[in-house]
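The values are calculated or read from the model by the stated rules, or taken from the named source; none is laboratory data. What you see is a predicted model; the values in this text were computed from it and never measured. A quick note on method: Cβ atoms are made from the backbone with ideal geometry, for glycine too, and the neighbour counts reach across all protein chains shown. Side chains included, ligands, DNA and RNA excluded: accessible areas come from the protein's heavy atoms. Shrake-Rupley method; radii C 1.70, N 1.55, O 1.52, S 1.80 Å.
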Amino acid sequence: MNIPRLARPLSSLKLAAPDGLRLLDSFISPSEQEAIATQVAHIFASARKICHAAQAERAHIPQPASVKSLAHNLSSDEYYVPLKMELEPGSASGSAYFPKYGDEGHELMYFSKGTLQSLPPFAKDFIYSKMPALSPLVSVEGKWRLTLNHYTPQGLRQELASSPATRPGFPYHKDLPANGDVTMILTLQARGDMELVPETDPHRSPSQVLLHPGSLLVLSGEARWRWLHRLRPAPDEKQRMSVVFGWRGPQAAHG
Ligand SMILES: O=C(O)CCC(=O)C(=O)O
Ligand SMILES: [Fe+2]
């Protein structure tokens, strides 16, 4: 295979890593990170704004008590807002925005259409310019899905109180089949502490991977389909964002 070797095999990976996991440190430069982070922050800011306006509108419509209490009982995981955002002139991208996805401070958004053309411009540019480096594992052709994660630290240190801030994590999961055969996680702004366990032995001590800003973690094969991964909550005041690309090849057997 023509895939670049692990840039940091021993210091970033502790314990045996699953087959199909590759960590590409410094996959993009600091200025590329900055440019992508600006775009992702802008998309989240627009989503919050649209959501806020829609809630304000709903608040003006009197709701029966039964509806109100039902709404309060909804698990936060089930609450998402479908959005159409015009990210480039003349074309609207459909997405689903979760203001709180599990842990407090974790916002998630995915772009649902599954085509390269429906993704925000920064994601298309990234795929066209950077994916050739992953050939032949991944190619530009095929289906693309994009998930954006935004993790805001909670309980920021006050002048007098000394409770440390904690950045939320993302609990153990396996990416949905709809996310395709290869998952690629681009880390922005702050380091992520990832842990992985085999789904058949979830209580064993996890393999650990440090995701440095600018790194790309590639999960395929065993690592994609047979292992679970999570991001540990971190005692850190820095916000972190991740851009997760899911790719399915044109010949893939899965529907
Ligand atoms: O934020 C991360 O690094 C991981 C995100 C993730 O696992 C996902 O979006 O499925
Ligand atoms: Fe994931």
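Looking at A133, A178 in this structure, which one is exposed (fewer than 15 other Cβ atoms within 10 Å of the Cβ), among the hydrophobic types (A, V, I, L, M, F, W, C), under 27 Å from A17 (Cβ atoms) and more than 16 Å from ligand 1 (Cβ to nearest atom)?
A133
Scan region 92-120 for residues that are more than 16 Å from ligand 2 (Cβ to nearest atom), under 25 Å from P250 (Cα atoms) and without any contact (Cβ under 8 Å) to a residue 60 or more places away in the chain and jot them down.
Across region 92-120, the qualifying residues are A92, S93, G94, S95, S112, K113, T115, L116, Q117, S118, L119.
Given the condition open to solvent by less than 40 Å² (accessible area, probe 1.4 Å) and either in contact with a Cys (Cβ under 7 Å, 6 or more places away or on another chain) or within 16 Å of ligand 1 (Cβ to nearest atom) (or both), answer yes or no: does some residue in region 153-166 qualify?
Let us first name the residues in region 153-166 that are open to solvent by less than 40 Å² (accessible area, probe 1.4 Å), namely 153, 165.
The next check asks that each one be either in contact with a Cys (Cβ under 7 Å, 6 or more places away or on another chain) or within 16 Å of ligand 1 (Cβ to nearest atom) (or both); those that pass are 153.
Yes, region 153-166 contains at least one residue that is open to solvent by less than 40 Å² (accessible area, probe 1.4 Å) and either in contact with a Cys (Cβ under 7 Å, 6 or more places away or on another chain) or within 16 Å of ligand 1 (Cβ to nearest atom) (or both).
For region 193-202, how many residues are open to solvent by 10 Å² or more (accessible area, probe 1.4 Å) and within 14 Å of ligand 1 (Cβ to nearest atom)?
Final tally of qualifying residues: 1.
Quick check on my filter: what residues within region 235-252 are of a type outside the set (A, V, I, L, M) and either open to solvent by 10 Å² or more (accessible area, probe 1.4 Å) or more than 12 Å from ligand 1 (Cβ to nearest atom) (or both)?
Listed by number, the residues that qualify are P235, D236, E237, K238, Q239, W247, R248, G249, P250, Q251.
Can you pull out every residue in region 196-255 that is of a type in the set (K, R) and over 27 Å from P153 (Cα atoms)?
The answer is R204, R224, R226, R248.
Examine region 203-218 for a residue that is open to solvent by less than 10 Å² (accessible area, probe 1.4 Å), within 10 Å of ligand 1 (Cβ to nearest atom), more than 24 Å from T115 (Cβ to Cβ) and under 13 Å from the mean Cα position of the chain (by Cα), and state whether such a residue exists.
The answer is yes; a qualifying residue exists.
Residue-by-condition table, conditions (1) part of a loop (DSSP other than H, G, I, E, B); (2) farther than 27 Å from Y80 by Cα:
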residue: A133; (1), (2): no, yes
residue: P136; (1), (2): yes, yes
residue: S139; (1), (2): yes, yes
residue: L156; (1), (2): yes, no
residue: Y172; (1), (2): no, no
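Taking the condition of being touching a residue at least 60 places away in the same chain (Cβ under 8 Å), within 16 Å of ligand 2 (Cβ to nearest atom) and within 20 Å of the chain's Cα centre (by Cα), how many residues in region 186-202 meet it?
Number of matching residues: 3.
Pick from region 91-112 the residues that are surrounded by 19 or more Cβ atoms within 10 Å (Cβ to Cβ) and within 19 Å of G155 (Cβ to Cβ): which of them is modelled with the lowest pLDDT?
Y101
Kindly list the number of the only condition in (1) assigned to a loop (DSSP other than H, G, I, E, B); (2) open to solvent by 20 Å² or more (accessible area, probe 1.4 Å) that fails for A190.
(2)
Among the numbered criteria (1) without any contact (Cβ under 8 Å) to a residue 40 or more places away in the chain; (2) farther than 20 Å from G102 by Cβ; (3) within 14 Å of the chain's Cα centre (by Cα), which one does Q251 miss?
(3)
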